[in-house]
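The values are calculated or read from the model by the stated rules, or taken from the named source; none is laboratory data. This structure is a prediction, so every number in the text was calculated from the model and none was measured. Cβ atoms come from the backbone with ideal geometry, glycine included; neighbour counts cover every protein chain shown.
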């Protein structure tokens, strides 16, 4: 059976890596959602050139009306990966824009996955799999990242609650918590933290890598493999769990 899997944030980073991995590993039919139409279509075209199937829809996960419109036209879904998100510093003593940015991050990273699940759930039946992409910052705090930490902690709690709510329908919900992954978002984070701490970007990256037991950042494709396992129908035992994909940074 060819499975149909919807991925938000499918234009880049972990979302894009998931789409490419699922197309190659199981020839899944991919439905990609995101704000960057050109980048989404580039991902879809890569999948099609490899013989896979992909379609794209322009949608912001904070726009419930648009999500409902897209979801209403979808075929039955077998999987959903909520990978869309944004990051950035929101220091508690920040300037006048900090409050608005705090709300923006929570809207995209926590409310956005909730909106996506709500919109797509009518298209998913027994055997469905939902994966919410949290972060290692959903496991511990980092100074200046109050909004991002709050959203990613909240996402793990959301996964636990949805898992218990949906398991009687045969739908399995889990989360993943990646560590440092070589993505555009990570590069932005490196620049911001380096500037805030008075270090060079190279020095901060070396410090960050040294703090991880395996001493390196990860490729998006590695995270995609973990997400693919949680989406696999063979995975029947992990329910409401958060899979750490961080090289040993968190051992719990």
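For this structure, a couple of remarks:
- Residue in segment 51-74 that is assigned to a strand (DSSP E or B), surrounded by 19 or more Cβ atoms within 10 Å (Cβ to Cβ) and out of contact with any helix residue (DSSP H, G or I) (no Cβ under 6 Å at 6 or more places or on another chain) present: no
- Yes/no for residue 112 being over 13 Å from the mean Cα position of the chain (by Cα) and in contact (Cβ under 8 Å) with a residue 12 or more places away in the chain: no
- Condition check for residue 216: modelled with pLDDT of 90 or more and either in contact with a strand residue (DSSP E or B) (Cβ under 7 Å, 6 or more places away or on another chain) or assigned to a helix (DSSP H, G or I) (or both): no
- Selection count, segment 194-204, where residues are assigned to a helix (DSSP H, G or I), surrounded by fewer than 19 Cβ atoms within 10 Å (Cβ to Cβ) and in contact with a helix residue (DSSP H, G or I) (Cβ under 9 Å, 6 or more places away or on another chain): 6
- Residue in segment 51-73 that is at pLDDT 95 or above and within 18 Å of residue 220 (Cβ to Cβ) present: yes
- Residue count for segment 138-154, restricted to those that are part of a helix (DSSP H, G or I) and touching a residue at least 40 places away in the same chain (Cβ under 8 Å): 8.
- Neighbours by Cβ (under 7 Å, 6+ apart or cross-chain): first from segment 74-95, under 13 Å from residue 14 (Cβ atoms); second part of a loop (DSSP other than H, G, I, E, B): 83/9; 84/9; 84/61; 85/9
- Qualifying residue in segment 87-98 (condition: at pLDDT 95 or above and in contact with a strand residue (DSSP E or B) (Cβ under 6 Å, 6 or more places away or on another chain)): no
- Selected residue [assigned to a strand (DSSP E or B) and under 30 Å from residue 146 (Cα atoms)] from 110, 30, 106, 80: 80
- Single match in 87, 11 (criterion: part of a loop (DSSP other than H, G, I, E, B) and surrounded by fewer than 24 Cβ atoms within 10 Å (Cβ to Cβ)): 87
- Qualifying positions in segment 179-193 - more than 15 Å from residue 91 (Cβ to Cβ) and either surrounded by 15 or more Cβ atoms within 10 Å (Cβ to Cβ) or under 19 Å from the mean Cα position of the chain (by Cα) (or both): 179, 180, 181, 182, 183, 184, 185, 186, 187, 188, 190
- Sub-9 Å Cβ pairs linking a first residue in segment 240-251 that is on the phi > 0 side of the Ramachandran plot and part of a loop (DSSP other than H, G, I, E, B) to a second residue that is surrounded by fewer than 19 Cβ atoms within 10 Å (Cβ to Cβ) and at pLDDT 95 or above, at least 6 apart or interchain, are 240/160; 240/161; 240/164; 240/167, ordered by first then second residue.
- Answer residue from segment 155-177, given it is in a helix (DSSP H, G or I) and over 19 Å from the mean Cα position of the chain (by Cα) and is nearest to residue 140 (Cα to Cα) among those: 164
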